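Input: a single structure, listed below in structure tokens.
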Amino acid sequence: MSYKPPDNRIKIKKSILEIIQKLLKKRGFSIRDINKKIGYCFKNALYHGLTFSVEDFNKLKELIGLKNLNKFFNVNDIPHKIMVGKSLQEKLILEESNNLAEFIGILLGDGHLSENGSDIYISFNGIEEANYVEYVKKLIKNLFNEVTIREKWERDSPNSSGNEKGLNLIITSISLHEAFVMKGLIPGNKVQNQIKVPKWIFKKKEYIIS
């Protein structure tokens, strides 16, 4: 398996889409006309909450025009959210911090990003490092308070090699996985991919110390 970045989709609130429809209607565009211009069923987004591809979203912005974007939304864009993957999780932007630098250091040392695009693993000696496991779990919750952490002991695996102490913490999140890739991590085998410390960590001394 090789890593494939997840698709990004654009979610626009119904209230915003209604403003866009009224604006374009005044300019003589019916919903059918909008569909033809952007190559997507605007009605499905307006009435059924479906998302836009990035390409169709950009076409919609071009159709509205920069002047009208500024006039109606006070920005050069349509208010929206970026959704990630088939499950449409909201895109995460990780803020650089001491805690994030520390967690990435833990991932580089004892963990990895799976090539499946969703799973994040950290491995421990679950017996001798029990206190450290709890520390890392607390760090994860402080950084990403809504994620679910699963524990998987090596001894419970059907393919167990007899390692009674091995413990994996697993986070399954497409949006968080992608966010780590955006911060410079590479999914898969760390040795084969020659994964290095992301450059942003060297910006501040406290990040390096973390």
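A short reminder: the numbers here are calculations on the coordinates, not readings from a lab. Here the structure is a predicted model, which is why all the values come from computation and not from measurement. Virtual Cβ from ideal backbone geometry, glycine too; neighbours counted across all protein chains shown.
Contact order, relative form, for the stretch 98-209: 32 percent (alpha carbon pairs under 8 Å, 6 or more residues apart, mean separation divided by residue count). Peptide packing for 111-124, 3-16 was compared via the average number of neighbouring C-beta atoms within 10 Å per residue; ordered from the highest value, the list is 111-124, 3-16. What is the gain in length, in nm to one decimal, between residue 152 and residue 116 on full extension, counting 0.36 nm per residue of separation less the C-alpha to C-alpha distance? Using 0.36 nm per residue and subtracting the Cα-Cα distance, I get 11.2 nm. Between residue 90 and residue 189, what is the FRET efficiency for a Förster distance of 41 Å, r being their Cβ-Cβ separation, to the nearest 0.05? With R0 = 41 Å, the Cβ-Cβ based efficiency is 0.90. If you model the stretch 1-122 as an ellipsoid using its alpha carbon gyration tensor, with each semi-axis the square root of five times an eigenvalue, the axes come out at 37, 17, 11 Å, biggest first.
This model, with +1 at the C-beta of Lys and Arg and -1 at the C-beta of Asp and Glu, gives the stretch 8-90 a dipole about its Cα centre of some 300 debye. Applying Stokes-Einstein at 20 °C and 1.002 mPa s to the Kirkwood radius of the stretch 98-209, computed over alpha-carbon pairs, gives a translational diffusion coefficient of 145 µm² s⁻¹. Go through the stretch 76-169 and name the trypsin sites (Lys or Arg not before Pro) that are in a DSSP coil and have 14 or fewer other Cβ atoms within 10 Å of their Cβ. Passing both the DSSP loop test and the Cβ count: 86, 165. Within the chain, the proportion of Cα pairs with more than 21 Å between them is 63 percent. Positive-end ranking of 88, 159, 135 along the dipole of the stretch 47-171, with charges on Cβ about the Cα centre, is headed by 88. Over the residues of the chain, the helix contribution to mean residue ellipticity at 222 nm works out to -12000 deg cm²/dmol, using -39500 (n - 2.57) for each DSSP H run of at least 4. So if we plug the beta-carbon distance of residue 25 and residue 50 into 1/(1 + (r/R0)^6) with R0 = 22 Å, what FRET efficiency do we get, rounded to 0.05? The computed FRET efficiency comes out at 0.60.
Please report the relative contact order for the stretch 8-90, taking Cα pairs under 8 Å with a sequence separation of at least 6, and give it as a percent rounded to a whole number. Contact order relative to length: 43 percent. The count of lysine pairs in the stretch 86-196 with alpha-carbon distances below 15 Å, taking only pairs 8 or more places apart or on different chains, stands at 4. Taking 17 Å as the straight-line reach from the Cα of residue 67, the aspartates and glutamates in range (excluding those fewer than 8 positions away in the same chain) are 77. Between the stretch 166-210 and the stretch 1-17, the alpha-carbon centres lie 23 Å apart. Computed over the chain, relative contact order equals 22 percent, with contacts defined as Cα pairs under 8 Å that lie 6+ residues apart.
Here the chain is treated with +1 on each Lys and Arg Cβ and -1 on each Asp and Glu Cβ, and its dipole about the Cα centre works out to around 1660 debye.
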